[in-house]
């Protein structure tokens, strides 16, 4: 009997090790995938920055106009065409800045996930990811100096860097929230299982007492 239990424990140990190995391989794959996506995303940012002032303006105005028009339709605001154009023109600059912050927020998150395969503190990991995104933002502004009609601005580097930091902070916060929810769910399931086991253990005792 004891030998049988030892064999079962060994089998469980092997299964646990295999599961842990599969989990590590999956995490390594996902982190390397994030690294590849980070490079792809940098290429996309580079392509947007390579647009001339006129091309970039047309894209941003079109996106802003669609946002305002869709909002008007969804909430049944009944805005006229002229009013939609006025609002779109008024908020276009703000939308452009928010789009830049979002771009670099995504980039910093991808870098943050990628470098997770190396041992480092959460603070250092976040700082490295945000710093790398900020450096790329600086090089992107230099790139725009050579694009007709575009200009490189230090304020834009600051805005992009703020987006990178904010992106990492939001991502870490979401991960923490998900982790807490999963932990609470696991504890609740464990308590339910223990309760079910306790009730099932009482049933034979009650049956035995009734027979006696």
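Would you mind ranking 190, 55 so that the residue whose beta carbon has the fewest other beta carbons within 10 Å leads the list?
190, 55
Report the residue, chosen from 126, 167, 116, that carries the largest GNM mean-square fluctuation when the chain is represented by alpha-carbon nodes joined by springs under 10 Å.
Among 126, 167, 116, the largest mean-square fluctuation in the Gaussian network model of the chain belongs to 116.
Could you line up 68, 170 from fewest to most neighbouring Cβ atoms inside 10 Å?
So the ranking, lowest neighbour count to highest, is 170, 68.
Which percent of Cα pairs goes in each bin when the distances of segment 28-211 are cut into 10 angstrom slices starting at zero?
All Cα pairs considered, the percentages come to 9, 24, 22, 18, 10, 6, 5, 3, 1, 0.
If each residue's Cβ is checked for other Cβ atoms within 10 Å, how do 141, 81, 86 rank with the fewest at the top? If you can, show how the numbers build up before the last one.
Working: 141 19, 81 9, 86 13.
Final ranking by Cβ density, sparse to dense: 81, 86, 141.
Could you state, as a whole-number percent, how many of the C-alpha pairs of segment 23-92 are farther apart than 17 Å? Don't skip to the end; give the middle numbers.
Values: 1493 of 2415 pairs.
Looking at segment 23-92, the distances longer than 17 Å represent 62 percent of pairs.
Every read-out reported here was derived from the displayed coordinates using simple, explicitly stated rules and does not represent laboratory data. A quick note: this is a predicted structure, and the numbers were derived from the prediction, not measured. We place every Cβ from the backbone using ideal geometry, glycine too, and count neighbours over all the protein chains shown.
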